[in-house]
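Accompanying notes for the structure given below.
All of the numbers you see were taken from the coordinates with simple rules; none came from a lab. The structure presented is a predicted model; accordingly, all values stated were derived computationally and were not measured. Quick reminder, even Gly has a Cβ in these numbers, built from the backbone with ideal geometry, and neighbours come from all protein chains shown.
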Amino acid sequence: MKVLSRSVRTRYDPDWNPLQMTPIDPRIVQVLRAATRVVVFTGAGVSAESGIPTFRDKQTGLWEKFDAAELATPYAFERDPALVWGWYEWRRAAVQNAKPNPAHHAIATLANHVPQFALVTQNVDDLHERAGSRDVVHLHGELCRPHCENCRRPYAIPEIPPQSSQAGRINPPRCEFCGAKIRPGVVWFGERLPEQQWLAARDAAKHCDVFLCVGTSSLVQPAASLTDIAVNAGATTIQVNPNPTGADGSMTFTLRGPAGTVLPQLVAETWAAVNVR
Ligand code: BV8
Ligand code: ZN
């Protein structure tokens, strides 16, 4: 059964007023209150309200003529390492200067209210961790974990000085052990997901009773197939997204709105009167 609790709106239609929030569908509150094993699956949309561009958003500056999926490939790094390394340093600076938003905090709170919880993200930022979430499963790697492209040794990358705006070509550093290029600690298109993280995510989706999908277009595989795994396991699937996505058809409930508004309201309406477990 598919219930759209708010009519499908184009992205943030102007007269959408967060203050007149229609209450969360009571069936969602019921399902969450009764849940024993909850998986939260996030994408770039959960960090959008922290000022981090999504993959849908047009690139800017030096990278504006590229789309993100073109730059996030081993071929782009081979072809122009300084362009790609510069892009990742620009993104790392943006994340460093950003703050977790109410959606990240609501997810960290939600975790304390359910017996078993797993947070699986496609995001390479550390905003979930900075909001207090623990054991975050990063399916597509992390900006803060660069390593040697040859011997795979981790590279201790320094914090980016706050005032320095990284917005250009930067030659990637070299590995002190084998001299090869250091590459971003992310999974590029065409690359296999980290085995352990993928198996943990798949297992969590297979055994959950509520699968909450936040801020993802559900287009990139195999990550997006986690929703189908949850559906086949008989879980209740709930989506939070202001826009239609590739997963609309497999959702039990869809909450149309920005995660930074909808998730705090969902947590408040579900557990306001209930103390933390
Ligand atoms: C692999 C890290 C094989 C890097 C990323 C099957 C069918 C078709 C294609 C494939 C297939 N299987 C594999 C492929 C190819 C490919 C793929 O899926 N291509 C897509 C484009 C069709 N998959 C791969 O290449 C994967 N690897 O298959 O390897 C293999 C197997 C064995 C051995 C060797 C090889 C690897 C995929 C991972 C790539 N790396 N990221 C980096 O970050 O730079 S993917 C990257 O893009 C993100 O991590 C994320 O996964 C994806 C972007 O999606 P979202 O996060 O959802 O973000 P998006 O911008 O799309 O949407 C934002 C959403 O938020 C929107 O819906 C918007 O409405 C919403 N939103 C906006 N504001 C808000 C909001 N929501 C809530 N609140 C708001 N305020
Ligand atoms: Zn090396």
Members of the range 168-189 found to be within 16 Å of ligand 1 (Cβ to nearest atom) and among the charged types (D, E, K, R), listed by number | 183
Every residue from the range 63-74 that is without any contact (Cβ under 8 Å) to a residue 40 or more places away in the chain, more than 30 Å from residue 108 (Cβ to Cβ) and not in a loop (DSSP other than H, G, I, E, B) = 63, 70, 71
Residue list for the range 115-135, filter: surrounded by fewer than 20 Cβ atoms within 10 Å (Cβ to Cβ) and touching a strand residue (DSSP E or B) at 6+ places or on another chain (Cβ under 6 Å) | 116
Quick one: which residue in 192, 202 is over 20 Å from residue 67 (Cα atoms), under 23 Å from the mean Cα position of the chain (by Cα), exposed (fewer than 13 other Cβ atoms within 10 Å of the Cβ) and within 15 Å of ligand 1 (Cβ to nearest atom)?
-> 192
So which residues in the range 30-49 are within 15 Å of ligand 1 (Cβ to nearest atom) and buried (at least 23 other Cβ atoms within 10 Å of the Cβ), if there are any at all?
-> 40, 41, 42, 43, 45, 46, 47
Does residue 52 satisfy the condition of being in contact with a helix residue (DSSP H, G or I) (Cβ under 9 Å, 6 or more places away or on another chain), surrounded by 15 or more Cβ atoms within 10 Å (Cβ to Cβ), over 17 Å from residue 167 (Cα atoms) and not charged (D, E, K, R)?
-> no
Within the range 158-181, count every residue that is closer than 30 Å to residue 64 by Cα, without any contact (Cβ under 8 Å) to a residue 40 or more places away in the chain and not polar (S, T, N, Q).
-> 6
Does any residue of the range 248-270 turn out to be surrounded by 20 or more Cβ atoms within 10 Å (Cβ to Cβ), in contact with a Phe, Trp or Tyr (Cβ under 8 Å, 6 or more places away or on another chain), aliphatic (A, V, I, L, M) and within 19 Å of residue 30 (Cβ to Cβ)?
-> no
May I ask you to list pairs of residues, at least six apart or on different chains, whose Cβ atoms are under 6 Å apart, with the first in the range 40-62 being under 24 Å from residue 225 (Cβ atoms) and part of a helix (DSSP H, G or I) and the second being more than 16 Å from ligand 2 (Cβ to nearest atom) and among the aliphatic types (A, V, I, L, M)?
-> 46/103; 46/214; 46/259; 47/127
